[in-house]
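Student: Quick one: this structure, given as structure tokens, is what I'll be asking you about.
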There are 2 protein chains.
Amino acid sequence: MAYRVPGFRAAGVACGIKPSGELDLALITSDRPADAAAVFTRNRFPGAPVIVSRRHLRGRRAQAVVVNSGISNVATGAQGLQNARSMCRQTASLLGLRASDVQVSSTGVIGEMLPMDRIAAGIARAAKELSATGWSRAARAILTTDTKPKLAQVTSKRFAMLGIAKGAGMVMPNMATMLAYIVTDLAVDAEFLRDVLGEAVASTFNCLTIDGETSTSDTVLVLANGAAGNRPLGPRSAGARDFRKALADVSGALTEKLALDGEGVTRIARIEVRGARSDRSADAVARKVANSLLVKTALFGADPNWGRIVQAVGAAGVPFSPGRLGIQIGGAELLRGGQLVASSDSRRRASLAMRRKRVEIGVSLGTGPGRASVLTTDLGYGYVRINAEYTT
Amino acid sequence: MAYRVPGFRAAGVACGIKPSGELDLALITSDRPADAAAVFTRNRFPGAPVIVSRRHLRGRRAQAVVVNSGISNVATGAQGLQNARSMCRQTASLLGLRASDVQVSSTGVIGEMLPMDRIAAGIARAAKELSATGWSRAARAILTTDTKPKLAQVTSKRFAMLGIAKGAGMVMPNMATMLAYIVTDLAVDAEFLRDVLGEAVASTFNCLTIDGETSTSDTVLVLANGAAGNRPLGPRSAGARDFRKALADVSGALTEKLALDGEGVTRIARIEVRGARSDRSADAVARKVANSLLVKTALFGADPNWGRIVQAVGAAGVPFSPGRLGIQIGGAELLRGGQLVASSDSRRRASLAMRRKRVEIGVSLGTGPGRASVLTTDLGYGYVRINAEYTT
């Protein structure tokens, strides 16, 4: 499948940040200014690139994105901020843009300074290698410990959209960062773009929990350059629904790729909570179950251990009636009205469901219309090996 | 060391709930009514014994405690409530008490019915075996997967106090429960007893986090029977301070024993947060660090990975100034003013500190007077093995 979107070019080069010699610098550009929206980490200790990119995005426009992997530029103080700004200036000068038109990200080890000479050379080379089909290389250049590049696209007669992403959580020490860049040739009203991105992120990237950690560099950025020639989309435009769906689909596809490529992951599970008083309550319950170490190790062990799910639900701090609680695994009902369902067929079906690569866990609270869905991963020896045996 | 407190007797018997034939029923009695206070699980799906014990404690008096291990009597509906009440009635009738004078706990597998005939026989035998020195057997009879019984005592010229406890978190599937029973021969005003227990639990048991889970049966109960002949202690009594200290000491000693005996635990760490805007903010930061999977696996790997601590601090949702953040491991300063301390001596000392059995991790926020301290454990292969390989 050829990944391309009219008006956008991309490149990925190796500039020597990663000792392995792998690709470690990506560049994405649009041939015209693009409407831009982003969701950044909520971590209170954000990396320098996040601080700089947030500022540059105030005008809701961007025309280029420069990303390095290997070193994260986090906990680097004033020098780190200078370095992030310098990456934007260099990129802008090579492409004939203003620095504020450039978004910047860095991912990798915390607390080290970027090798600015190598990065400058890398940006210069990437600018020369930019091409409409450079997405696979760009997708590889933003990886740290992911095992494979992650790309997703949607094409229709009217527009194209593609996204690239790198690993979420469960990654090598100091490198837990989720980055995603999505581009489309649609013209989209900047405010509408921000709203639709917010919705898409809330139901996809933000519903993935691998280890409950929040990286200092998480970024999801979308650029809409209007090369499709449409009138800018707003909430009431004819194409709004298709655009919304495309952004949710690309985000969802990238999220599932992130989950499956979490290091040490052997199995993923979707936690579906129904019947809470509100969606917010349902979300709290779903996240408590999804982040429960006992649930995650049971997933690894393929153990249909409903008792652990019950415990997590009860600990979520959300009011519910124990006498109405229901638990289903893979559609098989194990707990109903707060009591064990005495059916060996049910248990057998739940056991089989737990052995699959994707598991569905249902929780029914029976107290209201609130619903939520969260995607989680198992926790096994691989996670411990990767996160304990590596030593800084 | 002889464990005994005037006026109290204890027993532990094997009544056949545990297939292994180990001790599985404990009985504790006072020769006179005792003032009582308890802290129960905040899990919204409490076990039947918690529901019954809460009700019995309304009068703030108790004279006996009956505990079985092996089956938890959780998710057992109306029959489970009947069974818990029946255990109290049987105990009361053998000892000449009212059912409401009896506290009851059960710990073990969720969702199974108690074998009431065996339990009845066990209670009868335990009542016959009650003795002033039965504490070690009682401490063994409440265990599930703990590797050793946990007892702690404080004696002074004026009074005696002892406590027994069983495992917190990191335990076999469906058996994650923390139980502690503390008795003293002091007379203590019931309201004061409740307040002092609340303080002691807040700074000891509640500051231990092993896997962030909240069991459906957690209970800390204290009985004060007045056999010491003192005038009932109130907040302004001469002996109030010694009593407060004794209860904190016994609770603290039991808490540390619980942490070190968490299954799969090889190392424990105290997270000390200073300089938050409030104690509450400090506590949120300490818990986020203590529950971070990345921090816990770094502990297991003896890796002085300050980057993971920074990430957890930033993700706690507490406002702070990144430019003031400091991190210390074993007293060695690694981050100061938000930036790496470039001292190889500091890193070396932190590395050595991480290899000890007990690690001190300091976090300085520099924004206020708030402090908190939380005890946590490492996360390694043992935890995964125990929690994934066992299959229900």
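The values are calculated or read from the model by the stated rules, or taken from the named source; none is laboratory data. The model shown is predicted, which means the values in this text are computed figures rather than measured ones. Every residue, glycine among them, receives a Cβ derived from its backbone with ideal geometry; neighbour counts consider all protein chains shown. Please note that ligands, DNA and RNA were not included when accessible areas were found on the heavy atoms of the full protein model with its side chains. Shrake-Rupley method; radii C 1.70, N 1.55, O 1.52, S 1.80 Å.
Student: Can you list, shortest first and in nm, the gaps between the label point of B:R89 and those of its counterparts in the other copies, using a point 7 Å from Cα in the C-beta direction?
Tutor: Here B:R89 shows inter-copy label distances of 8.4 nm.
Student: Find which of A:T367, A:N387, A:S343 sits farthest along the positive direction of the dipole of segment A:296-392, computed with +1 on the beta-carbon of Lys and Arg, -1 on that of Asp and Glu, about the Cα centre.
Tutor: A:S343
Student: With a point put 7 Å past each Cα toward its Cβ, work out how far B:E22 is from B:T147 in nm, to one decimal.
Tutor: With each label point 7 Å from Cα toward Cβ, the separation is 1.2 nm.
Student: Quick one: putting +1 on the C-beta of Lys and Arg, -1 on the C-beta of Asp and Glu, what dipole do you get for segment A:231-289 around its Cα centre, in Debye to the nearest 20?
Tutor: Result for segment A:231-289 is approximately 360 debye, rounded to the nearest 20.
Student: What are the nm distances, shortest first, from B:D345 to its equivalents in the other copies, labels at 7 Å along Cα→Cβ?
Tutor: Here the equivalent label points are 7.4 nm apart from this one.
Student: Something else: Students often forget the sequence filter, so: which lysines lie under 20 Å Cα-Cα from A:K257 once same-chain residues fewer than 8 apart are removed?
Tutor: A:K148, A:K150, A:K166, A:K245, A:K296, A:K357
Student: Rank A:R125, A:R236, A:R349 by mean-square fluctuation in a GNM of chain A with C-alpha springs under 10 angstrom and give only the top-ranked residue.
Tutor: Fluctuation is largest for A:R236.
Student: Just to be sure I understand the rule: take each whole DSSP H helix in chain B, project its Cα atoms onto its long axis, keep it if the span is 24 Å or more and its mean Kyte-Doolittle hydropathy is at least -1.0. Which ones pass?
Tutor: Span-like helices here: B:77-95, B:240-260.
Student: Got a sec to turn the phi values of segment A:60-66 into Karplus ³J(HN,Hα) couplings, 6.51 cos²θ - 1.76 cosθ + 1.60 with θ = phi - 60°, whole Hz, x for Gly and Pro?
Tutor: 6, 10, 7, 10, 8, 9, 10
Student: Please list, in chain and number order, the residues 5+ apart from A:A228 or on another chain whose amide H is under 5 Å from its amide H, with Hs placed from the backbone.
Tutor: Correct list: A:L186, A:A187.
Student: How much accessible area per residue does the protein assembly as shown have, counting only protein heavy atoms and a probe of 1.4 Å, in square angstrom?
Tutor: Result: 37 Å² per residue.
Student: Something else about it: If each DSSP helix of 4+ residues adds -39,500 (n - 2.57) and the sum is divided by the residues in chain A, what number results at 222 nm, nearest 500 deg cm²/dmol?
Tutor: Calculated at 222 nm, the ellipticity per residue is -10000 deg cm²/dmol.
Student: Show which aspartates and glutamates lie in cross-link reach of A:K288 when reach means a straight Cα distance below 13 angstrom and same-chain residues fewer than eight apart are skipped.
Tutor: Leaving aside aspartates and glutamates fewer than 8 places away in the same chain, those within reach of A:K288 are A:D211, A:E272, B:D211, B:E213.
Student: Now for a separate question. For chain A, give the magnitude of the charge dipole about the Cα centre (Cβ charges: +1 Lys/Arg, -1 Asp/Glu; no others), in debye to the nearest 20.
Tutor: That gives chain A a dipole magnitude of about 640 debye.
Student: Compute the FRET efficiency between A:K245 and A:R348 as 1/(1 + (r/R0)^6), taking r as their Cβ-Cβ distance and R0 = 30 Å, and round to the nearest 0.05.
Tutor: Efficiency computed from Cβ-Cβ geometry: 0.20.
Student: Find which of A:A34, A:A48, A:G275 sits farthest along the positive direction of the dipole of chain A, computed with +1 on the beta-carbon of Lys and Arg, -1 on that of Asp and Glu, about the Cα centre.
Tutor: A:G275
Student: Over all directions, average the projected area of the Cα convex hull of chain B and note it in nm².
Tutor: Result: 19.4 nm².
Student: Can you list residues from other chains, or at least 5 along the same chain, whose modelled amide H is less than 5 Å from the amide H of A:S105?
Tutor: Result for A:S105 returns A:V66, A:V67, A:N68.
Student: Compute the label-point distances linking B:R241 to its equivalents in the other copies; points lie 7 Å from Cα along Cα→Cβ; give nm, one decimal, shortest first.
Tutor: Copy-to-copy label distances for B:R241: 7.5 nm.
Student: Place a +1 charge on the Cβ of each Lys and Arg in segment A:298-392 and a -1 charge on the Cβ of each Asp and Glu, then give the dipole magnitude about the Cα centre in debye, rounded to the nearest 20.
Tutor: Using only the charged Cβ atoms, the result is roughly 240 debye.
Student: Name the residues of segment A:265-307, by number, that are at least 10 Å² less accessible with every protein chain in place than in the isolated chain; the surface is that of heavy atoms, probe 1.4 Å, without ligands or nucleic acids.
Tutor: A:K288, A:S292, A:L293, A:L294, A:T297, A:F300, A:G301, A:D303, A:P304, A:N305, A:W306, A:G307
Student: Towards the positive end of the charge dipole of the protein assembly as shown, with charges on Cβ (+1 Lys, Arg; -1 Asp, Glu), say which of B:V196, A:A353, B:S93 has the farthest Cα.
Tutor: The listed residue farthest towards the positive side: B:V196.
Student: By the gyration tensor of its Cα atoms, with a ≥ b ≥ c the square roots of the eigenvalues, what is the shape of segment A:1-128: rounded for a/c under 1.5, prolate for a/b over b/c, or oblate?
Tutor: Oblate, since a/c reaches 1.5 and b/c is not below a/b.
Student: Run through the DSSP bridge list for chain A and note the antiparallel percent, rounded to the nearest 5.
Tutor: 65 percent
Student: Just subtract the alpha-carbon distance of B:A132 and B:E389 from 0.36 nm times their residue separation and send over the number in nm, one decimal.
Tutor: Computed gain between B:A132 and B:E389 is 88.5 nm.
Student: Report the net charge of residues surrounding A:R348, where surrounding means a beta-carbon distance below 13 angstrom and charges are Lys +1, Arg +1, Asp -1, Glu -1.
Tutor: Computed value for this residue: +1.
Student: Return the lysines within reach of A:K128: Cα separation strictly under 22 angstrom, same-chain partners fewer than 8 residues apart disregarded; answer none if there are no such residues.
Tutor: Cross-link targets: A:K18.
Student: Could you work out which residue, out of A:R85, A:R287, A:R356, moves most in a Gaussian network model of chain A, that is, has the largest mean-square fluctuation with Cα springs under 10 Å?
Tutor: Sorting by GNM fluctuation, first place goes to A:R356.
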